[in-house]
Amino acid sequence: MAVQSWLESLKASKKTALIQDGKRKIHYLFLDDKEMAEEYDLKTDELIVRKWRVKNTLGVLGQWQIELGEPAPSTVGALEPQLLKENSSNPVFMRKDTKTSFQWRIRNLPYPKDVYKLSVEQTERCCIVRTTNKKYFKTFFIPDMDRCQLSLESSALSFAHANNTLIISYQKPKEILTLEQEVLKEVKKMKGSSDGEVDCKTQ
């Protein structure tokens, strides 16, 4: 089963742990040279960051791509004030999961709740949010579901709107909840070096 194969690839990867700033930071190096970095809150065990990095055709590592967590602040505007900066009132899309749901927040969406329409595209394996006033349209994927080859269900999708923010939730299926518990067990087994120690323990 795909869930099991993803778990096996996590176990087979080279892992390094670091305890820093109240977070447990795990770095994975997979057999195909892909890298994944995750950060867990030490108090709640909540996953707060997941990002990926791959090598290009020349073998050079690319930029980190954030799958879960706050988007990295753009430093371009700070270094080059004469360049055009993105309007701060533009919608900001980010993923921030809970224990039981995949969750996305889209800030700077001032329209009333009844304007938003959510749907699941089974063939494209994606979710779509659109507004009836045609002011916003976004397609997004759930990589966790893709990695485990689980089908998307419309009934798992819901949303709320408050303070100009649209909060979209997708209820995690039991296969994902079980997988996350297994991964967390593996993560907690690792001896993480504390901030300031040089020799990160690799498993």
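Assorted remarks:
- Hydrodynamic radius of the range 101-178 per Kirkwood, over alpha carbon pairs, in Å: 13.1 Å
- Computed from phi, the 3J(HN,Hα) profile of the range 91-97 under the Karplus parametrisation 6.51, -1.76, 1.60 (θ = phi - 60°) reads x, 10, 9, 8, 10, 8, 6 Hz, with x in place of Gly and Pro.
- Carbon + sulfur, % of accessible area of the chain - ligands and nucleic acids excluded, 1.4 Å: 53 percent
- Around the Cα centre of the range 85-191, unit charges on the Cβ atoms of Lys, Arg, Asp and Glu (plus for the first two, minus for the last two) sum to a dipole of about 440 debye.
- Helix 174-189 axis versus longest C-alpha principal axis of the chain: approximately 40°, rounded to the nearest ten.
- Of Lys51/Lys117; Lys23/Lys191; Lys55/Lys172, pairs whose Cα-Cα distance is over 21 Å: Lys51/Lys117; Lys55/Lys172
- Cα pair count fraction exceeding 29 Å, expressed as % - the chain: 34 percent
- Helix 2-12 vs. the chain, principal-axis angle (Cα, 0 to 90°, nearest 10): 40 degrees
- 10 Å beta-carbon shell around Val129, net charge (K/R +1, D/E -1): +3
- Rounded accessible area per residue of the range 149-189, 1.4 Å, Å²: 57 Å²
- Percent RCO, i.e. relative contact order, over the chain, from Cα pairs under 8 Å lying at least 6 residues apart: 21 percent
- Cβ crowding within 10 Å averaged over residues, with 53-64, 148-159 ranked highest first: 148-159, 53-64
- Residue-wise HN-Hα couplings along the range 25-33, as the Karplus relation 6.51 cos²θ - 1.76 cosθ + 1.60 with θ = phi - 60° gives them from phi, are 9, 10, 10, 10, 10, 8, 4, 8, 6 Hz; Gly and Pro carry x.
The values are calculated or read from the model by the stated rules, or taken from the named source; none is laboratory data. Predicted, not measured: the structure shown is a model, and the values here were computed from it. Neighbour counts are summed over all protein chains in view; Cβ atoms, including those assigned to glycine, are modelled from backbone coordinates with ideal geometry. Heads up: the accessible areas ignore ligands, DNA and RNA and are worked out on the full protein's heavy atoms, side chains in. Shrake-Rupley method; radii C 1.70, N 1.55, O 1.52, S 1.80 Å.
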